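J.: Please find one structure pasted underneath; my questions will follow.
The values are calculated or read from the model by the stated rules, or taken from the named source; none is laboratory data. What you see is a predicted model; the values in this text were computed from it and never measured. Counting neighbours? That spans all protein chains shown, and the Cβs are built from the backbone with ideal geometry, glycine included. Heads up: the accessible areas ignore ligands, DNA and RNA and are worked out on the full protein's heavy atoms, side chains in. Shrake-Rupley method; radii C 1.70, N 1.55, O 1.52, S 1.80 Å.
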Amino acid sequence: MDEQAVFRSDILQQFFELGLMGIEIPEEYGGAGTSFFMSILAVEELSRVDPSAAVICDVQNTLVNNALMRWGTPEQKEKYLPRLATEWVGAYALSEATSGCDAFTLNARAEKKNGFYLLNGQKLWITNGKEAELFIVFATENPELGYKGISAFLVEKGFNGFSIGEKEDKLGIRASSTCEILLENCEVPEENVLGEVGKGYKVAIETLNEGRIGIGAQMVGLSQGALDEAVRYAQERTAFSKAIGSFQGCLLYTSPSPRDLSTSR
C-alpha cells in the first residue's frame, strides 16, 4: 500500500466492521460507545504496523467524530454519526496555502444566501481527502472580524461546487491520502453549520487539542513497531554462525576530542 500510495478498500471496510471508525460514537448511533482513551490505544496499536492505517482511524475519531459529538445539533448527530460509524470516512479541512501554522488567516469565504452558505476557496493537505464522504470545512464570513468571523461547516462530498483536487505524492505515510479541496460556490445548507456561526475557531482549537494527542500516539506506536522489528531482525540475521543480536554492542561513531583534531594529519 505504501508503494502504491493507496489504502485498500477491503481493509477500510474491516475497520468499520471492527468498530474502529466509531470508537467514541454512542451505541445509539451505531458506534462502540467507549472513550477517547480507547481511540488513542487503537491509533497506537495500528501504528505499530502501518501509520497510514492509524492516521485514517485517528482523523475519523479524534477530529471528525469528536467535533460532531461535541458541537453537533441533535439533527446533525442523527444524520451523520450512524454513517460515520458504519460506512463514511470523515476529513478535517482547515489548512490553506497561507494558513498553516497560523490557521486562522483563512482565505476561504462563506456567503449566506437563500438558506444556503456559498463556500469559495481552496484547502490543502487534507488527510483522508480521497476516501472521505464528509468534510468539516472552515471558512470566514467576515474577514474584518478576524478569527471571530470563522465558522465550521459540515460539507458532503456530493454537494454542488465541491471537488477533490490534486493528491500529494509524499515521502512517507503514503497510503494515507493527502489532497487538495476545491470550493467553487459550494452550496452548504444553513443547518449544516457546526456549532455557532462565528465560533469556528473554538471548534478548531478544542478539536485539534485532542487530535494532536492522537498524532503523539501514532509516533509512539510507530517507534514501538520499529523497535520490535529491529529486535526480531537482530535475532534472525546471522553472521559468523551467530545471530547478530548476540554480539557485543559497540559505538560506531564518537565525536573527536580537540586533542585528537590537533594531532591528526
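J.: Give the residues of segment 212-243 that are open to solvent by less than 80 Å² (accessible area, probe 1.4 Å) and without any contact (Cβ under 8 Å) to a residue 24 or more places away in the chain, sorted by residue number.
T.: Gly216, Ser223, Ala226, Ala230, Val231, Ala234, Thr238, Ala239, Ala243
J.: Within segment 111-157, track down each residue that is more than 27 Å from Asp58 (Cβ to Cβ) and either part of a strand (DSSP E or B) or in contact with an Asp or Glu (Cβ under 8 Å, 6 or more places away or on another chain) (or both).
T.: Selection gives Glu111, Lys112, Lys113, Gly115, Phe116, Tyr117, Leu118, Asn120, Glu141, Gly149.
J.: Within segment 130-157, how many residues are open to solvent by 30 Å² or more (accessible area, probe 1.4 Å) and under 21 Å from the mean Cα position of the chain (by Cα)?
T.: 5
J.: I've got another one for you. So Thr73 fits all but one of (1) touching a residue at least 60 places away in the same chain (Cβ under 8 Å); (2) touching a Phe, Trp or Tyr at 6+ places or on another chain (Cβ under 8 Å); what number is the exception?
T.: The number of the failed condition is (2).
J.: Answer yes or no: is there a residue in segment 29-40 that is crowded, with 18+ Cβ neighbours inside 10 Å and closer than 23 Å to Lys199 by Cα.
T.: No, segment 29-40 contains no residue that is crowded, with 18+ Cβ neighbours inside 10 Å and closer than 23 Å to Lys199 by Cα.
J.: Turning to a different aspect of this structure: Give segment 1-39 a look and list any residue that's among the aliphatic types (A, V, I, L, M), over 20 Å from Lys79 (Cβ atoms) and in contact (Cβ under 8 Å) with a residue 60 or more places away in the chain, or say none.
T.: Of everything in segment 1-39, those that are among the aliphatic types (A, V, I, L, M), over 20 Å from Lys79 (Cβ atoms) and in contact (Cβ under 8 Å) with a residue 60 or more places away in the chain turn out to be Met1, Ala5, Val6, Leu12.
J.: Show the residue pairs that are 6+ apart or on different chains and have beta-carbon atoms under 7 Å apart, the first residue being within segment 89-118 and closer than 30 Å to Leu20 by Cα and modelled with pLDDT under 95, the second being polar (S, T, N, Q) and assigned to a strand (DSSP E or B).
T.: Glu96/Gln122
J.: While we're on this one: Among the residues of segment 81-129, write down those that are among the polar types (S, T, N, Q) and open to solvent by 30 Å² or more (accessible area, probe 1.4 Å).
T.: Listed by number, the residues that qualify are Thr86, Ser95, Thr98, Thr105, Asn107, Asn114, Asn120, Gln122, Thr127.
J.: Among the residues that make up segment 200-211, is at least one of them farther than 23 Å from Gly245 by Cα, open to solvent by less than 50 Å² (accessible area, probe 1.4 Å), touching a residue at least 40 places away in the same chain (Cβ under 8 Å) and not in a helix (DSSP H, G or I)?
T.: So far as segment 200-211 goes, no, none of its residues is farther than 23 Å from Gly245 by Cα, open to solvent by less than 50 Å² (accessible area, probe 1.4 Å), touching a residue at least 40 places away in the same chain (Cβ under 8 Å) and not in a helix (DSSP H, G or I).
J.: Still on this structure, I have one more. So how many residues does segment 185-196 have that are open to solvent by 80 Å² or more (accessible area, probe 1.4 Å) and either of a type in the set (Ser, Thr, Tyr) or more than 24 Å from the chain's Cα centre (by Cα) (or both)?
T.: Of the residues in segment 185-196, 2 are open to solvent by 80 Å² or more (accessible area, probe 1.4 Å) and either of a type in the set (Ser, Thr, Tyr) or more than 24 Å from the chain's Cα centre (by Cα) (or both).
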